[in-house]
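The values are calculated or read from the model by the stated rules, or taken from the named source; none is laboratory data. These numbers were taken from a predicted model, which means no experiment stands behind them. Using ideal geometry, Cβ is built from the backbone for each residue, glycine included, and neighbour counts are taken over all protein chains shown.
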Amino acid sequence: MARVLRVARSSSLFSFGSRSYSAEASHVSSPPPPFLGARRDVTKERNVQWVFLGCPGVGKGTYASRLSSLLGVPHIATGDLVRDALASSGPLSQQLSEIVNQGKLVSDEIIVNLLSKRLEAGEAKGESGFILDGFPRTMRQAEILGDVTDIDLVVNLKLPEEVLVDKCLGRRTCNQCGKGFNIAHINLKGENGKPGISMDPLLPPPQCMSKLITRADDTEEVVKARLRIYNETSQPLEEYYRSKGKLMEFDLPGGIPESWPRLLEALRLDDYEEKQSAAA
């Protein structure tokens, strides 16, 4: 029988609704969390409270954003919050610029402050539920989050380091429309019993081609530093959620065309997407 997590209303930081959700995992790299149960009708219960974990460049934002649109809950990426703060003026912008350009992680205090303001603004607009992307990154952040709300599910996306480096170095943004693209063509051959991974580039339309820019922190040295720091801090965080039966590890089999349907199947949302498409 599925163990359904219920979230009480709270006046503190993560003060969202009281509905619940459960799903069933398959096609994952580890046994599914014990609370994941039978397929549910998420059209009636969409107040999911999920966290997406994974190394920089793994695609947390891509898949969290797609699920956000599918389920009708906000996708909150702390990376976007940091970049918005960087674009502003003031001492925080300068402090963040130094941290990011050195490939270091932003402090818990800064992240919690930015996230708190975002959630308060969302609640004022009537938002309910969330998919967090990039938070928590440390045990302290996880403990803060656990003190104020129940997380239904933690999805840990995984890719080989070689692929992650290539993906990060291939990232580009159009400085006019703001959309993100990736010029990397990845074709990693399988070895030692592991399947190969192939990912086509996500190229921009002609009008954006001459306007592409690279993030200042997307250099090979900085990317590898970010991956090293992430791996050092992520192990206790993953074990923390694994011990609570909330961690679902998902090995991405390739790009979006291969990975998206398998992720939906793992989350038991494949039927829901079909219903949404049929109703459109």
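Listing for the model above:
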read-out: Enumerated strands (runs of 3 or more DSSP E) restricted to the range 168-280, each holding at least 1 residues that are under 30 Å from Thr149 (Cβ atoms); value: 180-182, 247-251
read-out: Residue satisfying condition, being farther than 18 Å from Leu53 by Cβ and over 20 Å from the mean Cα position of the chain (by Cα), within set Glu265, Glu221; value: Glu221
read-out: Matching residues in the range 116-138 - criterion: being surrounded by fewer than 21 Cβ atoms within 10 Å (Cβ to Cβ) and either charged (D, E, K, R) or at pLDDT 90 or above (or both); value: Lys117, Arg118, Glu120, Glu123, Lys125, Glu127, Arg137
read-out: Residue in the range 162-172 that is under 30 Å from Ser128 (Cβ atoms) and touching a residue at least 24 places away in the same chain (Cβ under 8 Å) present; value: no
read-out: Any hit, the range 183-200, residues being modelled with pLDDT of 90 or more, closer than 20 Å to Asp80 by Cβ and crowded, with 18+ Cβ neighbours inside 10 Å; value: no
read-out: Subset of the range 112-138 [within 28 Å of Val165 (Cα to Cα) and either within 15 Å of the chain's Cα centre (by Cα) or in a loop (DSSP other than H, G, I, E, B) (or both)]; value: Leu115, Ile131, Leu132, Asp133, Gly134, Phe135, Pro136, Arg137, Thr138
read-out: From the options Tyr240, Tyr272, Tyr230, residue that is of a type outside the set (D, E, K, R), farther than 21 Å from Pro56 by Cβ, surrounded by 15 or more Cβ atoms within 10 Å (Cβ to Cβ) and in contact (Cβ under 8 Å) with a residue 40 or more places away in the chain; value: Tyr272
read-out: Total residues in the range 243-261, condition buried (at least 18 other Cβ atoms within 10 Å of the Cβ) and either touching a strand residue (DSSP E or B) at 6+ places or on another chain (Cβ under 8 Å) or over 16 Å from Ala64 (Cβ atoms) (or both); value: 9
read-out: The lone exception for Glu98 - which of (1) in contact (Cβ under 8 Å) with a residue 24 or more places away in the chain; (2) within 19 Å of Ile229 (Cβ to Cβ); (3) outside any loop (DSSP other than H, G, I, E, B) it fails; value: (1)
